[in-house]
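Enquirer: To start, I am sharing the structure in question, which I have written as structure tokens.
The values are calculated or read from the model by the stated rules, or taken from the named source; none is laboratory data. From a predicted model like this one, the values you see are computed outputs, not experimental measurements. We place every Cβ from the backbone using ideal geometry, glycine too, and count neighbours over all the protein chains shown. All accessible areas refer to the heavy atoms of the entire protein, side chains included, with ligands and DNA or RNA removed. Shrake-Rupley method; radii C 1.70, N 1.55, O 1.52, S 1.80 Å.
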Amino acid sequence: MSRAPGSDARPRLLRFEGWIAGMGTSSGTRVVLGHWPRSPFGPFSDVMLERADGERLLLAPTRRTADFIGGTYAFDTARVLPVRVDVADHTWTVTAGPLELRFVTGRRGLLGVVLRAVPGALARRPWWSTLMDGPARLLLPGVRTRGSAGAGRREWYGARDLRPVRVVSAFFEGADLGATAPVEPPVRFGFGSVPRKPSLVRVTTTVALARE
């Protein structure tokens, strides 16, 4: 993390190390899970949902994380509630208030193998994410690895692994969201979407706060 604002001309950088899972369902609801074992807020997970009617909902575990995420991305509603993620082998189980989600990841493909070779120190560099933005747009339409976020912030994503999501079981407020489906249309939380094909990405996210 860089020095505090005011110590020099550079903005303050916050880094989040973890996983982003994005998947669609046949009901039209798209789900994006962020699972962050390392972050400026300690370990936490959050869920972003976009419903078929376009409503964007954030589920976050604390007011502090909800305020930060809500200031970085765009939502219609934010709820503060416990978000629990359990991982056993390749099965992920998520419980977040009205959402019950379970998905299984498959074997990584060629792109996943290539990304897994990216060193963590390199993935943390904004210039690397800037360099990878063009290839990401070409290989994964809708995906962006850099862009402007809310509150004058800038953001970079450094991917380090990619696995397909094969099986999804999701219920929201007791209603079955249906079978696994592409993330279509793309989600509209920020400057880019997750891959169209349901997937789990290991990522380093760097957020530059606006200069005061």
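Enquirer: Out of all the residues in the stretch 67-84, which are open to solvent by less than 70 Å² (accessible area, probe 1.4 Å) and either within 14 Å of the chain's Cα centre (by Cα) or closer than 17 Å to G152 by Cα (or both)?
Expert: Those that are open to solvent by less than 70 Å² (accessible area, probe 1.4 Å) and either within 14 Å of the chain's Cα centre (by Cα) or closer than 17 Å to G152 by Cα (or both): F68, I69, G70, G71, T72, Y73, A74, F75.
A quick yes/no check of all residues on (1) in a loop (DSSP other than H, G, I, E, B); (2) open to solvent by 10 Å² or more (accessible area, probe 1.4 Å):
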{"residue": "E17", "(1), (2)": "no, yes"}
{"residue": "I20", "(1), (2)": "no, yes"}
{"residue": "F41", "(1), (2)": "yes, yes"}
{"residue": "M48", "(1), (2)": "no, yes"}
{"residue": "T65", "(1), (2)": "no, no"}
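Enquirer: Filter the stretch 85-116 down to the residues that are over 18 Å from G174 (Cβ atoms), part of a strand (DSSP E or B) and out of contact with any Asp or Glu (no Cβ under 8 Å at 6 or more places or on another chain) and list them by number.
Expert: Correct list: V85, D86, V87, A88, T91, F103, V104, T105.
Enquirer: Name the residues in the stretch 117-156 that are surrounded by 13 or more Cβ atoms within 10 Å (Cβ to Cβ), in contact (Cβ under 8 Å) with a residue 60 or more places away in the chain and either touching a Cys at 6+ places or on another chain (Cβ under 9 Å) or not in a strand (DSSP E or B) (or both), would you?
Expert: A123, R124, P126, S129, A149, G150, R153
Enquirer: Also, quick follow-up: Taking the condition in contact with a helix residue (DSSP H, G or I) (Cβ under 8 Å, 6 or more places away or on another chain), charged (D, E, K, R) and within 27 Å of A175 (Cα to Cα), does D46 pass?
Expert: So D46 fits the description; yes.
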